Amino acid sequence: MFCFQCQQTAGGSACINTGVCGKQPSTSNLQDELVCELIKLAELSKNENKHSAVADRLIIDGLFTTLTNVNFDDNAIKEFMGRVKNEQNKISRSEAEKIQVIDLWDGDTDIVSLRSTLLFGLKGMAAYAHHAMNLGYTDNEVLKWFYKGLCEVNREHSVTEWIELIMEFGQVNFKCMELLDKANTESFGNPVPTRVNVDIKKGPFIVVSGHDLNDLSQLLEQTEKTGVNVYTHCEMLPAHGYPELNKYHNLAGNFGTAWQSQQTEFENIPAPVLFTTNCLMPPRPSYKDRIYTTSVVGYDGMVHISCTRAGKKDFTPIIKHAQKLGGYEHDRSMSGINGGHMLTTGFGHSAVLSQAGKIIDAINAGHVKHIFLVGGCDGAHPGRNYYTEFVKQTPMDTLVLTLACGKYRFNDLDLGEIDGIPRILDMGQCNDSYSAIKVALALADAFHCSINDLPLTLVLSWYEQKAVCILLTLLSLGVRNMYIGPTLPAFMSETVVKYLVENYKLNPITAPEQDMDAILKR
Ligand code: FS2
Ligand code: SF4
């Protein structure tokens, strides 16, 4: 096996014996094989100059299947590959057999680095397209670019051509993020600021993890009259802000913190857990029988809930399991990572921009001197406490926008308010990065300047491939002076890093006080 797609890759270079994430060599090789079959499907469809709805779905779900912490089930991957080959056969088996696919990880270091950057970006964008598609939203330009991107991964290019392709991809991914935002907000309403309880009520409950709001919506509908409460976990927390999800009285609160703590957090709870997407970790025997997967998520031996008809799912098995376990006998007091008992979410672009006048006034009056976007993934890397310390050190006259699971390191801190605006604003999941970009663009518009001239700094934490596609979008929008950590991607060669540092002033994080100092002096 060879895999270096995520931040926790072995020795900061590559997993070659077994994945730090728990991915076995057989699974890793099957995932690479699946990517190659998707490339063939893209090449065949491109030759035909048309793509079927079935091929679209296979390419999007297939790429998502290979994202970090999504699918560990060899049989499920083989079965999926069979479906890809059937689709190839519908176009032409003989043509499919003639297509030579490049060795993804072989060649000149810089070229492998750039090829991997595009491929991992495509994997991330597949996650966004998948969620939008689940809600019935597609965009032809985005769909077509999956085919183009996979075909380009299979071609030789000069460094300049790769960079052009990657920047073009960043722009397309921005469209995909916009599409997902439209899908979520048109389906469930614009998020509104919402206080979320982290305590657990007595009685049966289900914990839902991952990012898919459509799955959560169906689960809430099916549990509504069963006496089973539903608690969000990790990246599902922002669901509370959506009016059409929050209307369910049994959406009772949030359980636990970010994904990397699941093996201890799930150990003793008297409830089953549903994983709608990443980040699934290999479960401990003590709770393996309580984990349910759906959609692209898979793990050998876990119950998988499939679609029955037209995107509908039957969650009866997990609901019955919750009733059988019965939950806690009494209300249970829990607390967040820093000891807080309530979390606030729901500051999507609509909520923040409804306060735009207030924020602009506060900036003009000197009450808000700087805005930080401290966002991205969490993970087990010890250097990730940088983000907690960084937020703790933000001066009182600054705002902190945040999103994705990295926020659990500081989202229960009470940092107070400025002119009635909370100093920490949770904009949502990693999938809602569009919101942050939209707010930055609106502020730049209001101040008649570019994003780079705003008193705004992006301090990003990355872990998996969605962070890669977001970074590429930010670079394609010309955003400079970003900070990134906890380490630089192993798949970025020295030349690529040098290019990003020189052309985009991308800064690897150092120490919170040192970076804070440099940012505020700029
Ligand atoms: Fe967090 Fe994991 Fe959101 Fe990433 S829950 S690191 O894959 O998707 O962000
Ligand atoms: Fe290693 Fe990350 Fe790949 Fe897992 S996804 S095998 S941890 S690089």
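The values are calculated or read from the model by the stated rules, or taken from the named source; none is laboratory data. Source: prediction; values computed, not measured. Note that we place each Cβ from the backbone using ideal geometry, even for glycine, and neighbour counts take in every protein chain shown. In case anyone asks, the SASA skips ligands and DNA or RNA and just uses the protein heavy atoms, side chains included. Shrake-Rupley method; radii C 1.70, N 1.55, O 1.52, S 1.80 Å.
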ask   = Quick one: which helices (runs of 4 or more DSSP H) sit completely within segment 464-522 and have at least 1 residues that are under 23 Å from residue 380 (Cα atoms) and open to solvent by less than 20 Å² (accessible area, probe 1.4 Å)?
value = 465-476, 512-521
task = Among the residues of segment 274-285, write down those that are more than 19 Å from the chain's Cα centre (by Cα) and buried (at least 20 other Cβ atoms within 10 Å of the Cβ).
result = 283
task = Return a yes/no flag: does segment 28-47 have any residue that is open to solvent by 10 Å² or more (accessible area, probe 1.4 Å) and without any contact (Cβ under 8 Å) to a residue 40 or more places away in the chain.
result = yes
query = Mind checking whether some residue in segment 242-252 is more than 16 Å from ligand 1 (Cβ to nearest atom), in a helix (DSSP H, G or I), open to solvent by 10 Å² or more (accessible area, probe 1.4 Å) and in contact with a His (Cβ under 9 Å, 6 or more places away or on another chain)?
reply = yes
request  = Would you check which residues across segment 27-51 are out of contact with any Cys (no Cβ under 7 Å at 6 or more places or on another chain), over 17 Å from residue 115 (Cβ atoms) and within 12 Å of ligand 2 (Cβ to nearest atom) and list them?
outcome  = 27, 29
query = Within segment 63-76, how many residues turn out to be buried (at least 22 other Cβ atoms within 10 Å of the Cβ) and in contact (Cβ under 8 Å) with a residue 60 or more places away in the chain?
reply = 9
remark   = Only unsatisfied item for residue 97, checking (1) exposed (fewer than 14 other Cβ atoms within 10 Å of the Cβ); (2) of a type in the set (D, E, K, R); (3) outside any helix (DSSP H, G or I), is (3)
query = Going through segment 196-231 one residue at a time, which ones are assigned to a loop (DSSP other than H, G, I, E, B) and open to solvent by 40 Å² or more (accessible area, probe 1.4 Å)?
reply = 199, 201, 202, 224, 225, 226, 227
key: Qualifying positions in segment 5-58 - away from ligand 1 (no atom under 16 Å from the Cβ), in a loop (DSSP other than H, G, I, E, B) and not charged (D, E, K, R)   = 13, 14, 16, 17, 18, 24, 49, 51, 52
message = Of everything in segment 302-326, what is in a loop (DSSP other than H, G, I, E, B) and either within 18 Å of residue 277 (Cβ to Cβ) or not hydroxyl-bearing (Ser, Thr, Tyr) (or both)? Give them in sequence order.
response = 302, 306, 309, 310, 311, 312, 314, 315, 326
task = For segment 328-349, indicate whether the set of residues that are assigned to a helix (DSSP H, G or I), open to solvent by 20 Å² or more (accessible area, probe 1.4 Å) and over 28 Å from residue 184 (Cβ atoms) is non-empty.
result = no
note = Condition set within 18 Å of residue 219 (Cβ to Cβ) and either under 20 Å from the mean Cα position of the chain (by Cα) or hydroxyl-bearing (Ser, Thr, Tyr) (or both), scope segment 286-312, selection most open to solvent (accessible area, probe 1.4 Å): answer is 308
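Residues are listed down the side, and each one gets a yes or a no for (1) assigned to a helix (DSSP H, G or I); (2) open to solvent by 40 Å² or more (accessible area, probe 1.4 Å); (3) within 16 Å of ligand 1 (Cβ to nearest atom):
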site	(1), (2), (3)
120	yes, no, yes
127	yes, no, yes
136	no, yes, no
148	yes, yes, no
163	yes, no, no
query = Could you count how many residues in segment 421-463 are small (Gly, Ala, Ser) and surrounded by 24 or more Cβ atoms within 10 Å (Cβ to Cβ)?
reply = 5
note = The condition of being within 16 Å of ligand 2 (Cβ to nearest atom) and either among the charged types (D, E, K, R) or open to solvent by less than 40 Å² (accessible area, probe 1.4 Å) (or both) holds, among 22, 11, only for 22
ask   = Restricting attention to segment 414-435, does a residue exist that is closer than 30 Å to residue 202 by Cβ and at pLDDT below 95?
value = yes
request  = Could you give me the residue pairs with C-beta distances under 6 Å whose first residue belongs to segment 140-153 and is in contact (Cβ under 8 Å) with a residue 60 or more places away in the chain, whose second residue is among the β-branched types (Val, Ile, Thr) wherever it lies, and which are 6+ apart or on separate chains?
outcome  = 146/59; 150/39
inquiry  = Any residue that is touching an Asp or Glu at 6+ places or on another chain (Cβ under 8 Å) and under 20 Å from residue 379 (Cα atoms) - is there at least one of those in segment 262-273?
reply    = no
note = With criteria (1) surrounded by fewer than 17 Cβ atoms within 10 Å (Cβ to Cβ); (2) modelled with pLDDT under 95; (3) part of a loop (DSSP other than H, G, I, E, B); (4) not β-branched (Val, Ile, Thr), residue 107 comes up short on (2)
